[in-house]
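Okay, structure first, notes after.
The values are calculated or read from the model by the stated rules, or taken from the named source; none is laboratory data. Keep in mind that what you see is a predicted model, and the values were worked out from it rather than measured. Cβ: placed from backbone, ideal geometry, glycine included. Neighbour counts: every protein chain shown. Side chains are part of the model used for accessible areas, which takes the heavy atoms of the whole protein and leaves out ligands, DNA and RNA. Shrake-Rupley method; radii C 1.70, N 1.55, O 1.52, S 1.80 Å.
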Amino acid sequence: MPFSTITEGATLAEQAGEQPRRWAIAGIRPQLALLILLTQAVMVWWVADSEIARSIYLICYSLMMPTALYLLLVRLLRRWLRFDRRELLMGYIVLTCTLPIVGFGGLRFILPGMGFFPYFSQTQPQWNSYLPYLAHLPVLHDAEAIRALYRGQSGVPWQAWTVPILFWSLYLILLTGVWIGLAAILHRIWIRQERLTFPITVLPLQITDPQDDLLRRPLFWLGFAIPAVLQSLLALHDWYPAIPAIQLKVTYIKIPFFQSPPWNAFPDFPLGIYPMAVGLAYFMPSSISFSCWFFWLVTRLLYVAGSAFGLEVGGTAAARFPYKEEQAAGAWIAFALMVGWSARWHWQSLKRHLTPDELRTIRWLGLLALGCVLLCAGMMMLTGVPPLFALLIIGVYVAYVLSGARIRAEAGGQWTFAPATWTPHRVANAVLGTQNLPEEAIVAGGYFDLVHVDIRAQSLPYLMEGLKIADSIGLHWRKVLVWVAIGTVTALAVGWWSSLSNFYALGAATAKSNAYAMWKVQYGMQQMHALASTRVAWDRSGVLAVCIGGGFTLLLASLRMRLNAFPLHPVGYVMANTITMDSFFLTFLMAWAAKVLVQRFGGSKGYRRSLAFFIGVTLGDIVTQTGWALIGKLLDVPIYQFLS
């Protein structure tokens, strides 16, 4: 069905050619709305219980375990469900866009950070100097509520949490407003004009396709069985060490024949195979998967080159060469600017194909995005962050998330990580300097970094993929955006309840609770403490490395546009210095080699046939991990951590 023929007031059933329903909730049937909201509530509760209490990560992937399980269940039960394909995929889109907000970079880091300074200053005196600056911040101030948060065995003191819940919920909702506005502007450009591949959408579209029954293909089940067997053996081996198993998750090793200078400067090599990552990398264009592993190798060889010239390389004392994080920050910022500039050019031709109503809606949503950016900066200013710093911080964060969404649209990937240590707060301090920055501004920036340190909780990458799915099956994009907005609010409501209940029952600082969230808070506050302790005008070498990284990204993009045969894609360099490539270098190499061989000897027909196998590998890995997580919950036993 043509995209433009779907009217805004029609329900999904009307779009499918059925008789109009008597009434609808925001354009969808009440039964579907109930299915979405109930499923979301169960999933949010399950995520909090699994990730906080059991350290089993369900939603840190680009393809999340709960939503993959949803896809498999609706596929198996579709003949008994009173929903059509578009309605079921509408549910999938809303769930994928709203679940991450309760995870890393969302509520997961905010909650254990709310009482950090008062609690840990009792045993770590370096935090005492920051206590006077907490009075005006939206954090916990009740001493008993703070103690119970970290020690556990307590109910939730909701009254003490009123201000933190309201403030940080508003901030996360405003960020969602930014992503909704950007998605409205960019989705047709990326989908219709640039025709990006969106590798993550392959699995949901294929598994729900009524014309192509994957479950009847032997290649699908062969691919499914490989990770199912390998991961299950690992889970059983964790219980019974006598059971043999092959280690899959990444371990970092020294390359044996790189023992003498300058080759011993080469960083530890990531040895590991993630079946899901192999499957997702197989869906991306070969030029991108090649560029990813190629630039990872090149950037690691810079360590060797630095050592050959007598430079101290990163990882030794305070040495920073080759400025890995700074290069990454520059690449991500430049990539976002390039995406924005390209969209500006495409927008002129796109306007001619929009109806006046659509054009008006997109312009209003663009203004919504701008307004939400300014309001986010305003919330930072309320906590003491100077205006210029606040605008730069939110600007860099929007650039990181936009680049992450574009990377997902072109390259997919199992994770979406922006620069790990050069957070927006760090970039702003490096550019503007901390010499005259008030102490309260640095402390407030540390709290906002609990959100900005990880982009995986933000919905823009999922939203662009969801709109690609919607475009493929004839869902109207405005209905999708409306329900993502509604789902964000409901996910936050259930997320605060389920997350706080778990933290207060277990204790955020005890061994019963997931250690990663607490470690991330401590690391972020140590970074803040380092900034407060070393007041400098600006970071000359760091900013120069940022400019070099950004300039090289723009050079690659220019060569890619001007030379048809140029083999390197800027996405490869943008990803090269991130945790994603540090963990999945080998899987990108394997997927690229497999795809090249299949296309070389099997042609396009062989490649199309092979998709069933790699969809099976991807889904088999997700479903197996999900199954073991459910077994751990039902039996109340610890389960092998498949990720790290």
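Condition (residue is of a type in the set (A, V, I, L, M) and within 23 Å of residue 523 (Cβ to Cβ)) applied to segment 413-421: is it met by at least one residue?
Looking for residues that are of a type in the set (A, V, I, L, M) and within 23 Å of residue 523 (Cβ to Cβ), one finds at least one in segment 413-421, hence yes.
Mind checking whether some residue in segment 72-94 is within 30 Å of residue 526 (Cβ to Cβ) and either at pLDDT 95 or above or open to solvent by 10 Å² or more (accessible area, probe 1.4 Å) (or both)?
No: zero hits.
I want to confirm something. Restricting to segment 178-190 and keeping residues that are open to solvent by 10 Å² or more (accessible area, probe 1.4 Å) and more than 19 Å from the chain's Cα centre (by Cα), which single residue is farthest from residue 88 (Cα to Cα)?
The extreme case among them is 185.
Just checking, does segment 202-218 include any residue being in a loop (DSSP other than H, G, I, E, B), touching a residue at least 12 places away in the same chain (Cβ under 8 Å) and open to solvent by 60 Å² or more (accessible area, probe 1.4 Å)?
Yes: one or more hits.
Between a residue in segment 557-576 that is farther than 25 Å from residue 417 by Cα and any residue that is assigned to a helix (DSSP H, G or I), which pairs come within a Cβ distance under 7 Å, given they are 6 or more apart or on different chains?
566/559; 566/560
Listed here are the residues, each with its yes/no results for (1) open to solvent by 10 Å² or more (accessible area, probe 1.4 Å); (2) over 21 Å from the mean Cα position of the chain (by Cα).
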site: 553; (1), (2): no, yes
site: 558; (1), (2): yes, yes
site: 568; (1), (2): yes, yes
site: 575; (1), (2): no, no
site: 579; (1), (2): yes, no
site: 624; (1), (2): yes, yes
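For segment 142-177, name all the residues that are open to solvent by less than 30 Å² (accessible area, probe 1.4 Å) and among the hydroxyl-bearing types (Ser, Thr, Tyr).
Of everything in segment 142-177, those that are open to solvent by less than 30 Å² (accessible area, probe 1.4 Å) and among the hydroxyl-bearing types (Ser, Thr, Tyr) turn out to be 150, 169, 171, 176.
Hey, can you tell me all the residues within segment 629-644 that are open to solvent by less than 30 Å² (accessible area, probe 1.4 Å), under 17 Å from residue 68 (Cβ atoms) and out of contact with any Asp or Glu (no Cβ under 9 Å at 6 or more places or on another chain)?
629, 643
Any residue at all in segment 52-63 that is open to solvent by 20 Å² or more (accessible area, probe 1.4 Å) and either of a type in the set (Phe, Trp, Tyr) or more than 22 Å from residue 516 (Cβ to Cβ) (or both)?
There is at least one residue in segment 52-63 that is open to solvent by 20 Å² or more (accessible area, probe 1.4 Å) and either of a type in the set (Phe, Trp, Tyr) or more than 22 Å from residue 516 (Cβ to Cβ) (or both).
Taking the stated definitions as given, is residue 484 buried (at least 21 other Cβ atoms within 10 Å of the Cβ) and touching a Ser or Thr at 6+ places or on another chain (Cβ under 8 Å)?
So residue 484 passes the test.
Yes or no: residue 273 within 30 Å of residue 393 (Cα to Cα), of a type in the set (Val, Ile, Thr) and at pLDDT 90 or above? Steps first, answer last, please.
On the way: within 30 Å of residue 393 (Cα to Cα): no; of a type in the set (Val, Ile, Thr): yes; at pLDDT 90 or above: yes.
No; evaluated as a whole, the condition is false for this residue.
May I ask you to say which residue of 228, 160 is touching an Asp or Glu at 6+ places or on another chain (Cβ under 7 Å) and modelled with pLDDT of 95 or more?
160
Pairs please, first residue from segment 156-180 and over 25 Å from residue 507 (Cα atoms), second anywhere and polar (S, T, N, Q) and not in a helix (DSSP H, G or I), Cβ atoms under 7 Å, 6+ apart in sequence or on different chains.
Pairs found: 175/458; 176/459; 179/458; 179/459.
Can you confirm whether residue 252 is free of Cβ contacts under 8 Å to residues at least 40 places away in the same chain, under 25 Å from residue 413 (Cβ atoms) and touching an Asp or Glu at 6+ places or on another chain (Cβ under 7 Å)?
Yes: the conditions hold for residue 252.
What's the total number of residues in segment 297-316 that are among the aromatic types (Phe, Trp, Tyr) and over 13 Å from residue 268 (Cα atoms)?
The number of residues fulfilling the criteria is 1.
Given the condition in contact (Cβ under 8 Å) with a residue 60 or more places away in the chain and not acidic (Asp, Glu), answer yes or no: does some residue in segment 388-396 qualify?
Yes, the conditions are met somewhere in segment 388-396.
Determine the pairs where a residue that is open to solvent by 50 Å² or more (accessible area, probe 1.4 Å), located within segment 15-36, has a partner that is modelled with pLDDT of 95 or more and in a helix (DSSP H, G or I) with Cβ atoms under 7 Å apart, the partner being 6 or more residues away or on another chain.
That search, which allows pairs on different chains as well, returns 25/33; 35/91.
Please find, among 572, 627, 616, the residue that is over 19 Å from residue 224 (Cα atoms) and in contact with a Leu (Cβ under 9 Å, 6 or more places away or on another chain).
572
Could you say whether any residue in segment 585-599 is assigned to a loop (DSSP other than H, G, I, E, B), of a type outside the set (S, T, N, Q), under 27 Å from the mean Cα position of the chain (by Cα) and crowded, with 20+ Cβ neighbours inside 10 Å?
Scanning segment 585-599 turns up no residue that is assigned to a loop (DSSP other than H, G, I, E, B), of a type outside the set (S, T, N, Q), under 27 Å from the mean Cα position of the chain (by Cα) and crowded, with 20+ Cβ neighbours inside 10 Å.
Are any of the residues in segment 244-259 part of a helix (DSSP H, G or I) and surrounded by 15 or more Cβ atoms within 10 Å (Cβ to Cβ)?
no
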